[in-house]
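Below: one structure, written as structure tokens.
The values are calculated or read from the model by the stated rules, or taken from the named source; none is laboratory data. In this text the structure is predicted, and so the values were computed from the model without any measurement. We place every Cβ from the backbone using ideal geometry, glycine too, and count neighbours over all the protein chains shown.
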Amino acid sequence: MTVQPHADSATPITVTCAVLTVSDSRTPTTDKSGQVMHSQLAAAGHQIGHYHILKDEPEQIAQHVQSLASRDDIQVILLNGGTGIAPRDTTYDAIAALLHKQLPGFGEIFRQLSYAEIGSRAIASRAVAGIHISPQKSTLIFSVPGSSNAVRLAMTALIIPELSHLSALLRADL
């Protein structure tokens, strides 16, 4: 028996994304990870509908993400930073509660790819992805570590290759 991949759409879907950097110290000038997300999304033909730097405060993160998820023009929310295990790393805790459907394969594969690059330190990553479902729509959410290398890895190996496909699946439910 052979495995057949899903047929890709003949026309790639342009997705409008929100990029959020979670950091107590970054500014728009020093936010290299946010810049990597911007450039990778733009190079793939996607749009940036919102960009913001948030402090590592779980309530603020959750409120901002919920607000973005309710916007008609945002299909995907990408966060970087705050996914480790230090006391101020609260992004996972804020985001996981908002995901109605988790995509466990994202975190699993991301940690596997990270292990190949950084070794056993990959176990400290709490990268997560899933779907926030509201009465109006479903929104994809990805949350990755804040290092620019981790962002580049997640974007090139996982997020960009699947973004149009996953978005199309969510739109099909409407």
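Numbers for the structure displayed
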read-out	value
Filter result (of a type in the set (A, V, I, L, M) and either buried (at least 21 other Cβ atoms within 10 Å of the Cβ) or touching a residue at least 12 places away in the same chain (Cβ under 8 Å) (or both)) within region 70-89	I74, V76, I77, L78, L79, I85
Check on I85, assigned to a loop (DSSP other than H, G, I, E, B) and closer than 22 Å to K32 by Cα	yes
Failed condition for I123, given (1) farther than 23 Å from G45 by Cα; (2) under 12 Å from the mean Cα position of the chain (by Cα); (3) among the β-branched types (V, I, T)	(2)
Near pairs, Cβ below 6 angstrom, 6+ apart or cross-chain, from region 45-59 (in contact (Cβ under 8 Å) with a residue 40 or more places away in the chain) to any residue that is assigned to a strand (DSSP E or B) and among the hydrophobic types (A, V, I, L, M, F, W, C)	H46/C17
Flag if R88 is on the phi < 0 side of the Ramachandran plot, over 11 Å from the mean Cα position of the chain (by Cα) and at pLDDT 95 or above	no
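For (1) outside any helix (DSSP H, G or I); (2) in contact (Cβ under 8 Å) with a residue 12 or more places away in the chain; (3) surrounded by 14 or more Cβ atoms within 10 Å (Cβ to Cβ), each residue gets a yes or a no:
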residue: L68; (1), (2), (3): no, yes, yes
residue: Y92; (1), (2), (3): no, yes, yes
residue: S114; (1), (2), (3): no, yes, yes
residue: I123; (1), (2), (3): no, yes, no
residue: L140; (1), (2), (3): yes, yes, yes
residue: G146; (1), (2), (3): yes, yes, yes
